[in-house]
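**Student:** Please see the structure below; I have some questions.
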Amino acid sequence: MWNFLVNTLSIAYVQLVILGLFIWYFLMHRKDLRMPLSRVGLIRMVILLLIFLYFLMSWASGIRPALAEAAVFGMFVINLFFLNSLILSRLERPYREALDTYCQDPQNMENLAAVWSSGKRFYYLRHAISSLMSGESPARFLHEIASGRIRDDVQDSLRQRGLTHHFISLKGMIAYLEGRLAAEEFLPPEFKDVVKKQLENLQQHPWVVDQINAYLELAMENPEKIHNPEWSMMWDKTRSAK
C-alpha cells in the first residue's frame, strides 16, 4: 500500500492534477467575503506556481532520470505547502463564521466562547512551527500569539460593522461600573445607593452623553488629539498639503 502511494505520487502528471485541485479550491476560497484577502498570500502563490511550472518543464525536457525525480520531488514539496494552506483555510473558515455570529449578538457569551475555541485552533496550527523556533515555551508562545490575534480580530470585526459604540460608550462604561459596584462586598450599602443614583442621573443629560461618547471615540481612534492637540494640528496640516 505504501509503495503504491509513493509510486503514484512520483508521477508528474499526478502532481499536476493535485495542483489543479488546489488552485480550484483557493479560487473558490477567495470568493468568500468573510475570509480576509492577502496580497502577500496571492503573490506567494503565484511564485510557487512559477516554480512548479519550472520543475514541470524541466521534467518534460528529457533530462537525466535523477534530475527528473528531483523535479517531481520539488512539485511534491510545493503541493505539500498548498496542502498546509488548505488545512489552515479549513480551520479559518469556522473561525470567521464565529466572528460573524458574535458580531450579530455581542452580548451572547456562547458566541464569544466559539470565537476563542475556533480561533485558538486556527492560530495554534498556523504558528506551530514558529513556536518551536521561538526560544521559549511553545505552549506559552502559542497562547500569547492566539490571545493577541483573537483580541485584535474581534476589535476589527466590531469596528468594521460599526459596533464599537455598543462597548466604548457612556452606556457601556456605566454598565461596567454598575457591575463592579454590585460585586464589591465591603462597600457600605448606603454608598452603593448614592453612587448608583448618580450614575443613573448622569445618563439623563443628552448633552453629557454625547460629549462623553465623543471623547471615548476620540480616545480610541485618535488619542493623540487628546494628549497632544498641537501635534495633531501639525499632522492634519501635513496631510492636507499632500
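The values are calculated or read from the model by the stated rules, or taken from the named source; none is laboratory data. Since the model is a prediction, treat every value here as computed from it, not as a measurement. Positions of Cβ are generated from backbone atoms using ideal geometry, with glycine treated the same way; all protein chains shown enter the neighbour counts.
**Student:** Check Ile145, Ile63 and return the single one that is part of a loop (DSSP other than H, G, I, E, B) and over 22 Å from Leu21 (Cα atoms).
**Tutor:** Just one listed residue meets the conditions, Ile63.
**Student:** Every residue in region 174-189 that is farther than 25 Å from Val208 by Cβ and part of a helix (DSSP H, G or I), please.
**Tutor:** Passing the criteria: Ala183, Pro189.
**Student:** Let me ask you something else. Taking the options Tyr123, Tyr54, Tyr95, Tyr102, name whichever one is in the same structural domain as Leu142 (by TED's automatic domain parsing) and out of contact with any helix residue (DSSP H, G or I) (no Cβ under 7 Å at 6 or more places or on another chain).
**Tutor:** Residue meeting the stated conditions: Tyr54.
**Student:** Let me ask another. Kindly establish whether Ser131 is surrounded by 13 or more Cβ atoms within 10 Å (Cβ to Cβ), in a helix (DSSP H, G or I), assigned by TED's automatic domain parsing to the domain that holds Arg149 and free of Cβ contacts under 8 Å to residues at least 40 places away in the same chain.
**Tutor:** yes
**Student:** Looking at the structure I just gave you, is Gly148 at positive phi and either surrounded by fewer than 17 Cβ atoms within 10 Å (Cβ to Cβ) or in the same structural domain as Leu216 (by TED's automatic domain parsing) (or both)?
**Tutor:** Considered against the rule, which asks whether it is at positive phi and either surrounded by fewer than 17 Cβ atoms within 10 Å (Cβ to Cβ) or in the same structural domain as Leu216 (by TED's automatic domain parsing) (or both), Gly148 comes out as no.
**Student:** Go through (1) out of contact with any Leu (no Cβ under 7 Å at 6 or more places or on another chain); (2) closer than 30 Å to Ile11 by Cα for Phe81 and report which single condition fails.
**Tutor:** (1)
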